[in-house]
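No lab work stands behind these numbers, since they all come straight from the coordinates. Computed from a predicted model, the values in this text were never measured in an experiment. Here Cβ is always computed from backbone atoms with ideal geometry, including for glycine, and neighbour counts include all displayed protein chains.
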Amino acid sequence: MKKILLLCFSLAFVFNSWAQERVISGKVTATEDGSTIPGVNVVLKGTSNGTVTDSDGNFRLTTPASGGTLVFSFIGLATQEVAVGERAIINVAMNPDVQQLTEVVVTAQGLAKEKKALGYATTTVGTEQLSSRPVNDISRVLQGKVPGVVINPTGGVSGTGASINIRGYSTITGSSQPLWVVDGVPFNSSTNNNSGFSTGGAATSSSRFLDLDPNVIESISVLRGLAATTKYGDQGRNGVILVTTKSGNTKVGAPEINFQQTVSTTEIASWPDRQLNYGNGFHGLAGNTSPFYSNWGPNHNQIDSIAHPYPFSNSPELANAFPEFYFKRIPYTAAPDPIAFFRKGIVSNTSIGIRGGTDKLGYNTSVAYTTEEGYTPGNDLKRLNISTGFNAAVTNKLSIKSSLLYASSDMVTPPLNGATGGSTAFNTTPSLYANFLYTPTNYDVLNTSLFPFETPNDHRNIWYRTGNDIPNPNWVAKYMRDTDVTNRFFISSSISYDFNDNTSLLYRVGLDTYTQKQNREYNKGIGPAYANADRGIFQTTTILNSIWNHDLIFAHNRKITSDISLQASIGANARNDIFQRDGIYSEVQTVFGLMRHSNFETSSSRSAGFDASRILFREVEVQRYGIYGDFAFDYKNFFFINLQGRNDWMSTLEKENNSKFYPSVSTSLILTEVFPGLQSTKVNNLKFRYG
């Protein structure tokens, strides 16, 4: 009898235990389109008991037999609390968190802040804006999208650099270019020109932000005011461009493969109008037997033809190279516009990417290949971009994030340079464009049968001038070129530990390194006016640039009183920059068309034909150590004060004066929060800021 009673008691205890718990299931969807949402956190309020929705948005969670509240949360969506009651099935539709999506921006050191709390100017270009302009140069993506930012291409052809000015021109001889920061790590954007602007080097050199693939960029934030850039010390004095990549997918679910193919065209934007009434000459006199390059000869109605100019060359070799033009008359009429020399280039970008993740890990990988045929013959660009990244929640407190970028680019272009009437005023360096502007209207540069641009035996340049001192643009495009081949590797990795909801510590390390090989390949025979280039020039330059960057950031948020809150961070930074350049300049080409230093008679470590004072070898190393702090006070969520400061120690300054301090103070007042009556259908937010 005792055994029977004990068995009944045991069964009753088991039945009672089962009755204390139950399983709640359901599905989470989006109110916008009804799609299921994977990865939503579902937690029983007040406990650590929780789960996440699967790839179909479904969840199952064991809860007490009755009562309780479920909390549903997801990044970018408004958190919901749902009372369970006696239900066993709970379906939830989640709404976007408009405040979270529109008012949080990335600021210095990659920290996120509410936009209304900022006392300085910042502009963010998001994914939608980036994708709406399918171009392959990030400077062209930003063109016209950021107020106050001036972007001027240095040469205009595919692959060449651009000057980006954010805070005005603060220097005559120094750089006014902004600092680029990718995923929290400085990204070198230098335009490593072969020589100065007046010697063609700056006009054909690439700016290294060309290595960024717009396809992998999540957002770009431009910090314009000094108060915004204090944390970067002297490096941020010209403004800062913060680039956030798609380094880790935040969407939970099965892997997604994305393929994108874009094809576009590029063509010359403008061309000066020509007068078509007068031909070659000066003061109304025909100029085929004189050295005139002017377009103010006789009216086309006054003369029906003139002698072919080639037999009148001062060089017997050039004059005798074309006996078929002896005594030949050519029409004295306006030739077709030479704008037809330029082509409509084809630009193609192919990219494929894969992304996916779980509630603990997100990843994103993409490969893109770009070919860009410039509108100028002889100008082409090829670029390969590979990127990968992940973010992982190792534990509830520890997370790791990393992004890796690889870029390989190959650019070639004819030489570009400033020029005046003789096209040789700027250090005797040729310019393709200037040769068109100084071609008389009655000479058809496009008709290479009537006006060959090279001699048949030794490939020497020939054009209409008796002294052959203005080169034929067809010859320049075919036999002179500047090349740039760059291979770049970039990595940013960070590890973050959350002590609690208000305190965290982050360590970030980054490496940005690239090797750039630049060639200037000028075949001999352009003409005697170009003393060095006429003998043939071959210059090779190799550049190695590296940046090692380390940051340690401690962040803490807290409520000081019921009305005042504090968002604070302090950090330390160590940065090492190394720049190395070496090269060889060779002159006097032996065999036409062969670009080897052994095929030239003289070599030097100075760029003699472009800038004799420029020594090709250069080595620079700079070390910076800094500490910085950021303290943002918030009063009732409408008045904000931000105090920032950074102190740097630099190896380039003498020991007694190598310390520099950069302070800043900025404030922000949301007037529509203080005076709600100011809000209307036309004014939804009115803000006053000062910094």
**Message:** If I model a spin label as a point 7 Å beyond the Cα along the Cα-Cβ vector, how far apart are those points for PHE661 and ASN314 in nm?
**Reply:** 6.7
**Message:** Need the full-extension length gain, LEU594 to ILE560, defined as separation in residues times 0.36 nm minus the C-alpha distance. One decimal, nm.
**Reply:** 4.8 nm
**Prompt:** Applying 1/(1 + (r/R0)^6) with R0 = 22 Å to the Cβ-Cβ distance of ASP56 and THR31, what FRET efficiency is obtained, to the nearest 0.05?
**Reply:** 0.80
**Prompt:** What is the calculated FRET efficiency for GLU86 to LEU544, with r their C-beta to C-beta distance and R₀ = 45 Å, to the nearest 0.05?
**Reply:** 0.05
**Request:** Determine the equivalent ellipsoid of the chain by diagonalising the alpha-carbon gyration tensor, then write out the semi-axes as square roots of 5 times the eigenvalues, largest first, rounded to whole Å.
**Result:** 65, 28, 25
**Spin-label model distance (nm) - GLN129 vs LEU678, 7 Å beyond Cα toward Cβ** = 2.3
**Request:** Kindly put ILE151, ILE89 in sequence by how many other C-beta atoms sit within 10 Å of each C-beta, fewest to most.
**Result:** ILE89, ILE151
**Request:** Using only the Cα atoms, work out Rg/Rh for the stretch 20-96, with Rh taken as the Kirkwood radius, to two decimals.
**Result:** 0.95
**Prompt:** Hey, can you rank 229-241, 339-351 by average C-beta count inside 10 Å, highest first?
**Reply:** 229-241, 339-351
**Computed over the stretch 20-96: relative contact order in percent, which uses C-alpha pairs under 8 Å that are six or more apart** = 37
**Fill in**
By the mean-Cβ-within-10 Å protection proxy, highest first, 662-673, 314-325, 533-544, 619-630 rank as 533-544, 662-673, 619-630, 314-325
**Request:** Take each of the peptides 645-654, 380-389, average the number of other beta-carbon atoms within 10 Å over its residues, and list them starting from the highest.
**Result:** 380-389, 645-654
**Item:** Spin-label pair LYS328/PHE259, simplified geometry with 7 Å Cα→Cβ offset, distance in nm
**Value:** 5.3
**Prompt:** What FRET efficiency do you get for ASN637 and SER48 if R0 is 25 Å and r is their Cβ-Cβ distance, rounded to the nearest 0.05?
**Reply:** 0.25
